[in-house]
Amino acid sequence: MKKIFSLGSFIIFLIGLVFYFLALLGKDTFLLPAVIMAAIGFLAALFGEKTIYRKIGLFGNGLILVVGLLLPFVVTTFFWNKP
């Protein structure tokens with residue numbers, strides 16, 4: 001069962017990466033599915049077996065979450081704030 005979580009996390013990362021790439025190309029409707037897929041993939045990787053797929057799933061999905069959620073939050077809060 002744990003191996004399925006690891007491999008599933010990797011596959012979800014690839015799907016989320018495609019969605020995020022489409023969002024970067026201007027199709028804004030794909031941003032929310034990309035972040036949701038990354039969150040599901042990150043959680044699945046946490047419960048997966050310790051293989052290379054788990055490491056790729058954790059790092060890739062974590063990177064999508066940071067770039068898709070955390071970075072825009074920090075930028076809009078601290079740098080685009082008018083006094």
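The values are calculated or read from the model by the stated rules, or taken from the named source; none is laboratory data. Computed from a predicted model, the values in this text were never measured in an experiment. Don't worry about glycine lacking a Cβ; one is built from the backbone with ideal geometry, like all the others, and counts go over all protein chains shown. All accessible areas refer to the heavy atoms of the entire protein, side chains included, with ligands and DNA or RNA removed. Shrake-Rupley method; radii C 1.70, N 1.55, O 1.52, S 1.80 Å.
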Residues (at pLDDT 90 or above, in contact with a Phe, Trp or Tyr (Cβ under 8 Å, 6 or more places away or on another chain) and either open to solvent by 50 Å² or more (accessible area, probe 1.4 Å) or under 17 Å from Leu70 (Cβ atoms) (or both)) located in the range 36-52: Met37, Ala38, Gly41, Phe47
Which residue pairs have Cβ atoms closer than 6 Å, lie 6 or more positions apart in sequence or on different chains, and pair a first residue in the range 13-26 that is within 23 Å of Arg54 (Cβ to Cβ) and in contact (Cβ under 8 Å) with a residue 40 or more places away in the chain with a second residue that is among the aliphatic types (A, V, I, L, M) and surrounded by 18 or more Cβ atoms within 10 Å (Cβ to Cβ)? Gly16/Ala34; Gly16/Met37; Gly16/Ala38; Gly16/Ile64; Tyr20/Ala34; Tyr20/Ile64
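When only residues in the range 56-83 that are assigned to a helix (DSSP H, G or I) and more than 22 Å from Pro33 (Cα to Cα) count, which is least open to solvent (accessible area, probe 1.4 Å)? Before you say what the answer is, go through the steps one by one.
First pass over the range 56-83, keeping only residues assigned to a helix (DSSP H, G or I): 56-79.
So of that shortlist, the ones also more than 22 Å from Pro33 (Cα to Cα) come out as 77-79.
Working: Thr77: 52, Phe78: 142, Phe79: 149 Å².
Once the filter is applied, the top-ranked residue is Thr77.
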Listed by first then second residue, the pairs whose first member lies in the range 46-64 and is at positive phi and without any contact (Cβ under 8 Å) to a residue 12 or more places away in the chain, whose partner is crowded, with 20+ Cβ neighbours inside 10 Å and not small (Gly, Ala, Ser), with beta carbons under 9 Å and at least 6 positions apart or on separate chains, are none
Residue check for Leu25: more than 10 Å from the chain's Cα centre (by Cα), exposed (fewer than 14 other Cβ atoms within 10 Å of the Cβ), of a type outside the set (Lys, Arg) and at pLDDT 90 or above: yes
